[in-house]
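Student: The structure under discussion is supplied below as structure tokens; questions concerning it will follow.
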Amino acid sequence: MELRNQTDVSKFFLLGLTTDPEMQPLIYNMFLFMYLVIILGNLLIILAVSSDSHLHTPMYYFLANLSFTDIGLSTTVIPKMLVNIQVHGKSITFAGCLTQVCTLLVFAGFENFLLAIMAYDRYVAICFPLRYTVIINPRLCGLLIILSLFSSIMEALLHSLMLLKLSFCKNLEIPHFFCELTQVLKLACSNTLINNILLYFINGLFSAIPLFGIIFSYVKIVSSILKMPSAGKYKAFSTCGSHLSVVFLFYGTGFGVYISSSFSHSSSKIAVASVMYSVVPQMMNPFIYSLRNRDMKVSLRKIIGRIPSF
Ligand SMILES: *[C@@H]1O[C@H](CO)[C@@H](O)[C@H](O)[C@H]1NC(C)=O
């Protein structure tokens with residue numbers, strides 16, 4: 001019985017940010033622009049880190065990983081949305097929707113862990129500068145990256161497999177511009193209690209552990225910066241200022257949307273608000289790092305100088 005219901009489901013409908021047809025060209029152009037900025041900015045960062053040997057340090061490797069994740073996150077969401085606006089359609093296949101849910105979970109989970117790893121990296125650099133190269137060695141970096149990626153993939157697979165067991169009936173309209181796990185769960189007509197418990201428990205754990213690591217690192221960083229002579233203070237703070245901005249952007253927007261969505265029951269408002277965490281941080285990260293960081297600026301200038309001008 002359940003199996004038949006399952007195969008009946010072939011399509012979901014993404015309602016997008018608004019159903020107002022007049023707004024569609026504006027939304028299309030805005031998202032196309034943001035997507036191009038995200039791809040270009042993050043590709044430049046990856047290119048700079050891989051081509052410049054001054055940037056072959058753990059901090060910049062992590063940054064390149066962050067850029068890679070940002071490209072992945074936005075590529076999961078934005079192109080499908082642009083295509084739907086272009087063809088005046090709203091549909092997404094069940095498989096497509098499931099893929100979006102799964103990929104988003106992988107990348108979002110990985111980004112969470114990366115931000116924590118980057119905080120730990122800054123903590124060691126500032127609190128144990130002499131032992132930095134011994135502690136943050138290439139083996140540890142590789143291990144941390146692989147562990148984070150592996151656990152994010154496991155988490156995403158678990159949620160996706162649990163989603164596969166559900167059956168969906170009618171009215172498969174998602175008032176959002178991409179398939180998000182919580183929104184898809186709301187549409188199921190079988191019992192989603194276990195899914196919701198897993199969602200809150202595992203996602204809570206997966207956000208709490210990295211967040212706790214970040215807070216711990218920064219408490220240590222701030223207390224050791226306060227003890228420094230004032231000449232060293234600025235330099236120490238400037239190396240973690242960029243990271244701190246990115247952390248605030250990622251968790252701040254996510255938390256803001258979470259709070260606003262628990263007060264507002266209008267799904268379209270929630271969709272608009274979620275642009276804030278699903279697009280804006282990915283767009284801002286390259287700017288935050290390249291504008292505040294001298295080594296990065298030098299390297300980017302070299303790359304841009306190499307592009308022949310017409
Ligand atoms: C991610 O980090 C690892 C370990 O530091 C590094 O080897 C790898 O090149 C990085 N990935 C990217 C895309 O830069």
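Student: At 0.36 nm per residue, and after removing the present C-alpha to C-alpha distance, how many nm does the segment from Phe13 to Ile304 gain when stretched out fully?
Tutor: Length gained between Phe13 and Ile304: 100.6 nm.
Student: Would you mind ranking Arg301, Arg122, Arg292 so that the residue whose beta carbon has the fewest other beta carbons within 10 Å leads the list?
Tutor: Least to most surrounded, the residues fall as Arg301, Arg292, Arg122.
Student: Which of Ser262, Ala125, Val77 sits farthest toward the positive end of the charge dipole of the chain, with +1 on the Cβ of Lys and Arg and -1 on the Cβ of Asp and Glu?
Tutor: Ala125
Student: Could you give the size of the charge dipole of the chain about its Cα centre, using +1 on the Cβ of each K and R and -1 on the Cβ of each D and E, expressed in debye and rounded to the nearest 20?
Tutor: About 880 debye.
Student: Mind pulling the angle between the C-alpha long axis of helix 294-306 and the longest principal axis of the chain? Nearest 10 degrees, somewhere in 0 to 90.
Tutor: 70
Student: Could you give me the ³J(HN,Hα) list for segment 156-165, computed from phi with Karplus coefficients 6.51, -1.76, 1.60 and θ = phi - 60°, whole Hz, x at Gly and Pro?
Tutor: Values, residue by residue: 5, 5, 4, 4, 5, 5, 5, 5, 5, 7 Hz.
Student: Okay, next question. Suppose R0 equals 35 Å. What FRET efficiency, 1/(1 + (r/R0)^6) with r the Cβ-Cβ distance, do Thr133 and Ser51 give to the nearest 0.05?
Tutor: Computed FRET efficiency for Thr133 and Ser51: 0.95.
Student: Please give the peptides 80-91, 243-254 ranked by average Cβ packing (other Cβ atoms within 10 Å per residue), highest first, as a rough proxy for protection.
Tutor: Order by mean packing, descending: 243-254, 80-91.
Student: Sorting Cys240, Cys169, Cys127 on the 10 Å Cβ count, fewest up front, what's the list?
Tutor: Cys169, Cys127, Cys240
Student: Check cross-link reach from Lys302 to the aspartates and glutamates: straight Cα distance under 13 Å, and skip same-chain residues fewer than eight apart.
Tutor: Once the sequence-local aspartates and glutamates are set aside, what remains near Lys302 is Asp52.
Student: Restricting to Cα pairs below 8 Å that are 6+ residues apart, what does the relative contact order work out to for segment 3-305? Please round to a whole percent.
Tutor: 28
Student: While we're looking at this one, here's another question. How do Cys189, Cys97, Cys102 rank when sorted from fewest to most other Cβ atoms within 10 Å of their own Cβ?
Tutor: Fewest-to-most ranking of Cys189, Cys97, Cys102: Cys189, Cys102, Cys97.
Student: For segment 3-305, what log10 I(q)/I(0) values come out of the Debye formula at q = 0.13 1/Å, with one point per alpha carbon and no solvent?
Tutor: -0.97
Student: For Phe12, what residues show an amide H to amide H distance below 5 Å, using hydrogens built from the backbone and excluding near sequence neighbours?
Tutor: Result for Phe12 returns Ile92, Thr93, Phe94.
Student: Determine the gain in length on full extension of the stretch Leu199-Lys233; use 0.36 nm per residue of separation and subtract their C-alpha separation, reporting nm with one decimal.
Tutor: 8.1 nm
Student: Angle check, please: helix 230-263 long axis (alpha carbons) against the longest principal axis of the chain (alpha carbons), in degrees 0 to 90, nearest 10.
Tutor: Tilt relative to the chain: about 10 degrees.
Student: Can you work out the Karplus-derived ³J(HN,Hα) for every residue in segment 45-60? Use 6.51 cos²θ - 1.76 cosθ + 1.60 with θ = phi - 60°, whole Hz, and x for glycine or proline.
Tutor: 4, 4, 5, 4, 5, 7, 9, 9, 6, 5, 9, 7, 10, x, 4, 6
Student: Hey, what angle do you get for helix 193-226 against the long axis of the chain, alpha-carbon based, 0 to 90 degrees rounded to 10?
Tutor: Here the helix axis deviates by roughly 20 degrees.
Student: Tell me what the chain gives for mean residue ellipticity at 222 nm when only DSSP H runs of n ≥ 4 count, each as -39,500 (n - 2.57), the sum divided by the residue total, rounded to 500 deg cm²/dmol.
Tutor: Counting only the DSSP helices, I get -27000 deg cm²/dmol.
Rule-based calculations on the coordinates, nothing more; no lab input. Predicted model, so just to flag it, every value in this text is computed and none were measured. Note that we place each Cβ from the backbone using ideal geometry, even for glycine, and neighbour counts take in every protein chain shown.
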